[in-house]
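This report refers to the structure that appears directly beneath it.
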Amino acid sequence: MPFIEFTNLSKTFSNGFCALKEINFSVQKEEFLAVVGPSGCGKTTLLRILAGLETPSAGSIAVDGISINDQEPKERNIGMVFQNYALFPHLSTFDNMAFGLKSQKISKDEIKQLVLRSAQRLELSELLDRKPHQLSGGQKQRVALGRLLSKNPKIHLLDEPLSNLDAHLRNSMRVELKKLHMEHKSTTLFVTHDQVEAMTLGHRICVMRKGKVEQIGTPKEIYQSPSNQFVAQFFGSPPINLIKGNLSSAENGEVNFTGDGFAFKIPLNLVPTKAGQVVLGIRAEDIMLPSESESSSSSLLEAEILSVDDLGDSKVIHLRQDNLVILMKSTAGFKIPKNKIKYAPNWGKIHWFDAVRGHRLKKG
Ligand code: ATP
């Protein structure tokens, strides 16, 4: 049975702006769901409605099979870490972290133990006497996280909790969050802009755009079978190559895919049944170099090298193939030829999308 269930949930603000449109999905008990999408797509609004800080305009939310629409925030046993920390300015780190616990029936000693344990995990032990104005942005964010961990409600809502941390702390907090989740097993909705964070932390990822859910799936499903062009573009670095063109009739088991100044021959069983204009998607790592492609049946193509981004652990090569610019990825050690490079798209790994509506098209 789903643990959290959103049914036809919509939110229109008093100024008429519709921030959420017919949201339908569920979250399993103990699941860690990463919620991603461009700025303004409704991620925070979704979390605020779940926490009871905002009322939905339509639809319902159930937790463990019971509707929580009419429950007050404090009845919901849901904790949220806000983007802007929301710490009490007059309280010390210790008191901020103990705040939620004081309303529960537990002894002072127990509260102290819980706070000290969270503080240690979050490297806050030295800062327990400080007030928020004496803390850096990253430290404030950790106090907010500490407040949640000390109380440990049954649902954790995290709104970009790592966004103000430096790269080092962000990495270690990511590992820490994973460990904490394995230990506490709280059902978690985690909002992030960072695709690596979503991929590494989320059991599943919910991709939103303009108040709607575009796709929910495991990181592998989202990456390997994006349900539309938007999701395909949102994940992957460098971004997926998207090439608009026309599929024409088959010849010798191959179909011509042609467009503005380019022509590819693609095996018949790897193209969609839909004829006419479509979009081909191919990820940079699915374009093979000569050494890798010799064993493949694809014939080699040749393109001009426009530029190379050396990322240390790999290289991103910008190619010009006729009128197209295509990005491919090589290993760090690959010796880049001077002007031209031979390559072979791994046609088995390509994606197809409708050219107008952007949805995924089936092959064969
Ligand atoms: P970000 O990643 O930038 O935090 P988000 O995906 O969390 O964005 P929300 O904060 O949920 O987006 O906002 C969704 C949309 O609703 C935005 O266009 C925002 O301007 C609008 N919005 C939020 N709160 C209100 C409000 N109280 N009244 C009117 N519009 C609002």
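The values are calculated or read from the model by the stated rules, or taken from the named source; none is laboratory data. Only a predicted model underlies this, so the values are computations on that prediction, with no experimental measurement involved. Cβ atoms come from the backbone with ideal geometry, glycine included; neighbour counts cover every protein chain shown. Ligands, DNA and RNA are excluded from the accessible area calculation, which covers all protein heavy atoms including side chains. Shrake-Rupley method; radii C 1.70, N 1.55, O 1.52, S 1.80 Å.
Round to the nearest 10 and give me the degree value, 0 to 90, for the angle of helix 93-102's Cα axis relative to the longest principal axis of the chain. Between helix and principal axis, roughly 70 degrees.
Helix-only mean residue ellipticity at 222 nm, the chain, DSSP H runs n ≥ 4 weighted -39,500 (n - 2.57), per residue, nearest 500. What is it? The per-residue figure over the chain is -7000 deg cm²/dmol. Between Leu242 and Ala332, the simple label model (points 7 Å from Cα in the Cβ direction) yields a spacing of 3.2 nm.
A Förster radius of 22 Å combined with the Cβ-Cβ distance from Ile305 to Gln233 puts the calculated FRET efficiency at roughly 0.40. Here the convex hull built on the C-alpha positions of the chain has a volume of 178 cubic angstrom per residue. With the cut-off at under 20 Å, measuring from each backbone N in the stretch 42-74 to a point 7 Å along the Cα-to-Cβ line of Phe17 picks out 42-58. Take the alpha carbon gyration tensor of the stretch 56-147, find the square roots of its eigenvalues, order them as a ≥ b ≥ c, and report rounded if a/c is under 1.5; if not, report prolate when a/b exceeds b/c, else oblate. Prolate shape, in that a/c is at least 1.5 and a/b is the bigger ratio. Extending 7 Å from Cα along the Cβ direction at Lys342 and again at Thr218 yields two label points whose distance is 3.8 nm.
To the nearest 10 degrees, how steeply does helix 167-184 sit against the main Cα axis of the chain, on a 0 to 90 scale? Around 70 degrees separate the two axes.
A full extension of the chain between Asn8 and Ser67 corresponds to an added length of 19.9 nm, given 0.36 nm per residue minus the alpha carbon distance.
For the chain, the fraction of 1.4 Å probe accessible surface lying on carbon and sulfur atoms is 49 percent. Restricting the stretch 79-118 to trypsin sites (Lys or Arg not before Pro) that sit in a DSSP loop and have at most 15 other Cβ atoms within 10 Å of their own Cβ leaves Lys105.
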